[in-house]
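See below for the structure under consideration.
None of the figures in this text is laboratory data; all of them are computed from the coordinates on show. Just so we're clear, the structure is a prediction, and the values are computed from it rather than from any experiment. Positions of Cβ are backbone-derived with ideal geometry, glycine not excepted, and every protein chain shown enters the neighbour counts.
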Amino acid sequence: MNNPTPFLPKLHLQSLRKKPRSAVQIMADETMIKKGKSLLGLKACLGRFIPEDILQNNAEGPHSRHRIFNKETTFWAFFSQIIDADGGCAEVVKKLKTYLAVNGDRTLSVSTGSYCKSRKKLSESELGEILKHTSKSFHVKSDDQPLSGRRVIVVDGTGLSMPDTSENQAVWPQISSQKAGCGFPTMRLLCCFDLATGAVLSHAGGNKKNHELPLLRQQKDTFEEGDIFLGDKGFCSFYDVEWLLKKGADSVISLARRIPKTEQTCIKKFANNDLLIRWERPAWYKKAPLPKDEWNQLPKELLLRQIKVDVERPGFRAKSFYIIATLLDPQIHSAQDLAELYYRRWSVELFFRDIKTTTKMDILRCKTPAMIRKEILMYFIAYNAIRHLIYESAHAYEKDPMRLSYKGALQALRQAEVYFNRAALCPPEILQIRENLHDSISANTIPFRPGRSQPRCLKRRPKPYQLLTCHRHEMIEIKHRSKYRAKAA
């Protein structure tokens with residue numbers, strides 16, 4: 001019987017109540033309820049740093065249907081996996097299952113299959129866009145930026161390892177001296193950081209045979225007019241200094257030669273250890289980045305400043321070294337300013353320590369190259385978001401952001417995530433949790449310890465286990481291994 005009244009379209013007149021819902025409607029309603037219950041506590045804390053439009057479900061294709069692991073939930077679950085102390089997929093799924101169970105839904109399985117499949121559907125290009133959004137320069141005080149407020153981009157490379165799978169070995173093979181099954185795929189990663197904020201601006205990866213200079217050239221778009229490139233002697237290249245000058249960016253790098261030939265190249269002497277020199281274009285070689293005809297079109301020489309720096313602080317291995325710079329005016333940029341700027345280059349090692357050691361990026365977990373690249377992007381997104389939190393806390397409590405502990409900020413975020421994941425949080429409660437988070441971050445101040453010595457040595461002795469010298473299926477263990485002494489690391 002049709003309902004003649006247009007005001008109550010769902011009213012069933014025979015029983016004077018709503019028409020019973022079908023099984024499809026019930027399932028659709030349950031799906032929408034589950035969609036609203038997800039690991040969005042991190043979104044309440046860090047969502048302002050992430051572009052929300054990119055995390056919306058697609059119109060068609062992957063992540064187009066409403067599921068528990070939609071694009072937004074999968075992204076924040078991946079984010080939570082990165083900052084977790086364990087870092088496994090099972091812990092993230094169990095965290096979401098616990099959250100749903102507290103809110104009355106016990107249907108989520110502890111299996112990681114659905115989450116891993118949804119994680120594979122995340123677009124690498126979209127994660128790259130999110131990283132670009134988070135890598136924009138922070139709003140910092142003018143005195144935080146060295147050399148008249150110009151952005152300084154410090155560059156360095158590092159190595160990563162990953163699971164020993166055939167797909168990873170094909171892209172990032174292990175060293176040739178290791179036997180099959182005894183090593184791990186190794187990646188060489190080059191990153192550009194903002195020296196004043198510590199944010200990752202861009203990155204490029206390759207295998208162990210890739211030099212750092214070609215990886216730097218893949219990131220040309222990172223540099224803008226007015227930037228200053230800061231690097232070690234591995235980036236002392238005529239071609240790279242020249243293309244940076246074309247983009248309007250200056251360079252401050254250490255000289256590759258231990259003793260420069262100043263007699264033939266010196267043009268003017270600003271001070272005893274501050275010279276204006278001529279750098280002639282090298283002859284073309286087979287591995288040059290340009291063909292011979294294009295190489296010959298480069299300028300025949302470049303004018304550079306050569307500064308000898310005498311190291312007077314204790315604890316340094318080198319007693320003196322040379323740096324070259326394209327900042328030619330000693331009245332604007334003194335030799336002491338450039339020496340202090342190069343001294344700050346060590347900050348890039350601390351940035352890598354925060355990412356690799358504190359966040360445990362040194363050993364990746366994914367088993368395919370596509371997922372390895374996404375995992376690296378997620379590590380950098382999480383790192384930049386935590387840097388944003390550190391700078392917010394520093395400006396709120398008027399502290400130096402570089403003196404606030406990154407590890408302390410990560411620990412505070414882990415604890416705050418538990419409270420953010422509570423259901424039905426009102427805006428005042430969210431604001432209070434944020435304020436407590438900023439207070440916890442600002443309280444972890446690193447003491448000023450100039451000249452502190454940190455030798456790269458192991459204090460704990462290795463366990464007396466055998467070294468793996470063949471495939472694990474062929475390896476025969478020594479029976480009395482307690483008498484075996486492993487080689488020193």
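Hey, with R₀ at 35 Å, roughly what FRET efficiency would N436 and Y343 work out to, going by the Cβ-Cβ distance, to 0.05? The computed FRET efficiency comes out at 0.45. Annotation: extensible slack from T445 through L298 equals 48.0 nm (criterion: 0.36 nm per residue apart, minus Cα-Cα distance).
Gain on full extension, evaluated as 0.36 nm per residue between A370 and T357 minus their Cα-Cα distance, stands at 2.4 nm. Arranged from fewest to most other beta-carbon atoms within 10 Å of their beta carbon, K136, K360 become K136, K360. Using the Cβ of Q174 as centre and a radius below 14 Å, the other residues enclosed give a net charge of +2, where K and R count +1 and D and E count -1.
A crude spin-label estimate for the pair C116 and L276, with each label 7 Å from Cα along the Cβ direction, gives 6.4 nm.
Summed over all non-identical Cα pairs, the Kirkwood treatment of the range 370-443 gives a radius of 13.3 Å.
Applying the Karplus relation 6.51 cos²θ - 1.76 cosθ + 1.60 with θ = phi - 60° to the range 468-477 yields 3J(HN,Hα) values of 6, 10, 8, 4, 4, 6, 9, 6, 10, 7 Hz, where x marks Gly and Pro.
Counted by Cβ distance under 14 Å from A288, the other residues give a net charge of +1, where Lys and Arg count +1 and Asp and Glu count -1. The distance between label points at L468 and E224 comes to 4.6 nm (points 7 Å beyond Cα on the Cα→Cβ vector). Quick one: grab the alpha carbon gyration tensor of the range 142-358, order the square roots of its eigenvalues as a ≥ b ≥ c, and give me rounded if a/c is under 1.5, else prolate or oblate depending on whether a/b is larger than b/c. It is prolate, given that a/c is not under 1.5 and a/b is the larger ratio.
Each residue of the range 48-63 was assigned a 3J(HN,Hα) from its phi angle through the Karplus expression (A = 6.51, B = -1.76, C = 1.60, θ = phi - 60°), giving 5, 8, 10, x, 6, 5, 5, 8, 6, 4, 6, 6, 7, x, x, 6 Hz with x at Gly and Pro.
With R₀ set to 60 Å, the beta-carbon distance separating L350 from I476 gives a calculated FRET efficiency near 0.85.
In this structure, K233 and S123 have a Cβ-Cβ separation that, at R0 = 41 Å, corresponds to a calculated FRET efficiency of about 0.60.
3J(HN,Hα) couplings calculated from phi for the range 392-399 with the Karplus curve 6.51 cos²θ - 1.76 cosθ + 1.60 (θ = phi - 60°) are, in sequence order, 4, 5, 5, 6, 6, 10, 6, 10 Hz; Gly and Pro show x. Would you work out if the range 266-422 is rounded, prolate or oblate? Take a ≥ b ≥ c from the square roots of the eigenvalues of the alpha-carbon gyration tensor; rounded if a/c is under 1.5, else prolate when a/b is larger than b/c, oblate otherwise. The shape class here is oblate.
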